[in-house]
Amino acid sequence: MRIQRTRHERAFTVLPNAILQARGLSLAARGLLCLLLSQPDHTAETVKSLTEDAPEGQQRVTGAMRELQAAGYVICTKAQNTKGHWSTHVTVSDVPMTEGPKIESPRPGGQKCRSFGPNPSGKDQGKNPSPTPAKEVEAAPAAEVEGGQGDGQQDQDQATADAVAALASVGRVERRLRLGVPEMLRLAPLAVEWLSRGATEAEIRDALISGLPAKIRSAAHVIEWRLTNKVPPVPALSAPVVPLAECGQCRGPLPRGQEAGICGPCAGVAPRATAPADSLDWRDTRNRPGLVSPAAGVARARAALGF
């Protein structure tokens, strides 16, 4: 086998022979490692992007990537930023790495208490109280945590979700009142107050959309003003209806305020009420001369009106 080499001035990659002659790696893994080493630093590549123009499929490239990770040529490390978002950092080396790269990631700290409002005066100004020890938190009964704060937090989260959904529906109907997620979360407590007073999502939407000015400079300010100044009144609590007590003899209702005993007709101090004429059966008119059928009543009315 005769090798012909060309001297390159630019756009070339220097590779050690240990990579190209590594018997423990498949040819696909060696080729993938050479491809990764030829990329510039901080290049964003995925298995899908690597296999777009290659005849090898994603499954074969994924297997080659696993070979390189097992051999130490590729190390993947997950890190979390200050906002809580996770990302994967891939480090490729031309020699096997025995230790992973050091990537600083913020660690979750203990529970802290923050003071709101003006800072207290004194020599401890600007300092927060010390966090609650972890042992005391762990010693709390599970039933108390789940049954107390858990249910309340779930109800609060559900109310906030319903309020955000109501504000989002406003933006879908009226494009000028579209809000971002931070603005909806800021205005959610005002919408929660509307929902707690019995207002529906449609009522909130109608109150925020109806009668808008021709020009709107800030959708958040318009919605905040209307949620604050058009809040519905607190519904009045109606007194519970107390059922009437029954008579001890005829089982009829007793007068309101009398809780036991018998009614006036059963006691003989009041006449017994008779059924009104309208409640009698009009079809039984044989022995009741005062009752007439509906047809006869209509005929009498027409004759009286001259028809």
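The values are calculated or read from the model by the stated rules, or taken from the named source; none is laboratory data. Because the structure is a prediction, the values reported are computed rather than measured. Positions of Cβ are backbone-derived with ideal geometry, glycine not excepted, and every protein chain shown enters the neighbour counts. Accessible surface is based on the protein model in full, side chains and every heavy atom, while ligands, DNA and RNA are left aside. Shrake-Rupley method; radii C 1.70, N 1.55, O 1.52, S 1.80 Å.
With R₀ set to 41 Å, the beta-carbon distance separating Cys266 from Arg197 gives a calculated FRET efficiency near 0.30.
Gain on full extension, evaluated as 0.36 nm per residue between Ile209 and Gln59 minus their Cα-Cα distance, stands at 48.7 nm. Gain on full extension, evaluated as 0.36 nm per residue between Met1 and Cys76 minus their Cα-Cα distance, stands at 23.2 nm.
For the range 26-84, with all protein chains present and a 1.4 Å probe, just round the carbon and sulfur fraction of the accessible area to a whole percent.
Ligands and nucleic acids excluded, carbon and sulfur reach 50 percent.
For the peptides 45-58, 196-209, the ranking by packing is 196-209, 45-58, with the highest mean count of neighbouring Cβ atoms within 10 Å listed first. At an R0 of 35 angstrom, the distance between the Cβ atoms of Cys34 and Thr88 translates into a FRET efficiency of 0.95. Take 34-41, 66-73 and order them by the average number of nearby Cβ atoms within 10 Å per residue, most first; the result is 66-73, 34-41.
The length gained by stretching the chain between Ala236 and Ser26 to full extension, at 0.36 nm per residue less their Cα-Cα distance, is 67.8 nm.
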